[in-house]
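Bear in mind that the values in this text are calculations on the coordinates, not laboratory data. This is a predicted model, so every value here is computed, not measured. Ideal geometry is used to build each Cβ from the backbone, glycine not excepted, and the neighbour counts take in all protein chains shown.
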Amino acid sequence: MTHDASAQLLEPLRLAIYRHFADTGRAPTREVLQLELAVGPDDLEAAMVSLAASRLVVLDGDGSIVMAHPFASVSFGFSVMGATTLYWGGCAWDAFAIPHLVPHEPRVLIATTCPACERALAWVVGTDEPPAGSELVRFATPAARAWDDVVATCQQQRIFCSQACIDEWTAARSEPEGTVFDLSTLWRLARGWYAGRLDANYQRREPAEAAEYFAAAGVPSSFWS
Ligand SMILES: [Zn+2]
Ligand SMILES: [Zn+2]
């Protein structure tokens, strides 16, 4: 396949992966993608590597799809249960984004545990208004460094019971506080961030370029400035 032909496969491949995740909650296999896109394994792998380089999918060492934000194929601590589909959310932000992104699941049960005390936490999250709750969100990594190790970044975007649990967690690891905000802010952050991801010709929004969006959502500037 020529370079141009491989480039032309990128957007159909991206769409196939995202729509499979949206429809089923799972990553598509290579066999499914080869059939759907009518391509051979070598061309598929070349396109997959390009897609990962463009930060539209995250692959592990074996080439398996770990994430296609906001979807994940493994646990990042958040289950997202819709009426017919069960998802892994890629972090607190990603989990809250799924009901806004997937038209057939506008209302979901998001469940997690507090990293510090392991208390079970759950909210029904819809598209009309933020869920009630006094829990706090902590992002350990600023937006500008999110893609240095995006799996680690997402693993550390969690929801805690309280400031006391965040303090206990960070003190035990000698970590800085990071950025802490409430559930309403998380909901506003998640609401429009991935808009368009299930549609053709999507342009990825770079966190580093998105200060205006973060400010409008009310996310503290320690995350994005
Ligand atoms: Zn706790
Ligand atoms: Zn994430």
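Dipole size in debye (nearest 20) for segment 72-202 around its Cα centre, Lys and Arg Cβ +1, Asp and Glu Cβ -1? Write out the running numbers ahead of the final one.
Details: 9 positive and 14 negative charges, 34 e Å.
So the magnitude is around 160 debye.
Can you check what the net charge comes to around Thr170, using other residues whose Cβ is under 11 Å from the Cβ of Thr170 (Lys, Arg +1; Asp, Glu -1)? It would help to have the intermediate numbers written out before the result.
On the way: positive: Arg138, Arg173; negative: Asp167, Glu168, Glu175, Glu177.
Counting the neighbours of Thr170, the net charge comes to -2.
Computed from Cα atoms, the angle from the helix 3-24 axis to the main principal axis of the chain rounds to 50 degrees.
Taking the Cβ of Ser54 as the centre, find all other residues whose Cβ is under 9 Å away and add up their charges (Lys, Arg: +1; Asp, Glu: -1). Taking every Cβ under 9 Å from that of Ser54, the sum is +3. Label separation (Arg107 vs Ala211): 4.0 nm, computed from points 7 Å beyond Cα along the C-beta direction. For Glu129, the shell of other residues with beta-carbons less than 13 Å away shows a net charge of +2, using +1 for Lys and Arg and -1 for Asp and Glu.
Dipole size in debye (nearest 20) for the chain around its Cα centre, Lys and Arg Cβ +1, Asp and Glu Cβ -1? Before the final figure, lay out the partial values.
Details: 16 positive and 27 negative charges, 77 e Å.
Approximately 360 debye in magnitude.
Placing unit charges on the Cβ atoms only, positive for Lys and Arg and negative for Asp and Glu, gives segment 3-68 a dipole magnitude near 280 debye about its Cα centre.
For segment 186-224, the residues whose backbone nitrogen is under 18 Å from a point 7 Å from the Cα of Ala7, taken along Cα to Cβ, are 201-204.
Residues whose amide H falls under 5 Å from that of Ala146, counting only those 5 or more places apart or on a different chain, are absent, with hydrogens built in the peptide plane.
Scalar couplings 3J(HN,Hα) for segment 102-118, obtained by applying the Karplus form with A = 6.51, B = -1.76, C = 1.60 to θ = phi - 60°, are 9, x, 7, 10, x, 8, 9, 9, 9, 10, 7, 10, 5, x, 7, 10, 6 Hz; x denotes Gly and Pro.
If you average the alpha carbon positions of segment 1-55 and of segment 199-225, how far apart do those two centres end up, in angstrom? Cα centroid to Cα centroid, the span is 26 Å. Simple rule: put +1 on each Lys or Arg Cβ and -1 on each Asp or Glu Cβ in the chain, find the dipole, and look at Phe76, Gln34, Val150; the Cα lying farthest toward the positive end is Phe76. Shape analysis of segment 72-202 yields a ratio of the Cα radius of gyration to the Kirkwood radius, Rg/Rh, of 0.96.
Could you tell me the ratio Rg/Rh of the chain? Both radii from Cα atoms, Rh via Kirkwood.
Radius of gyration over Kirkwood radius for the chain works out to 0.98.
Note on Asp182 and Val151: their simple-model spin labels are 3.6 nm apart, each label 7 Å out from Cα toward Cβ.
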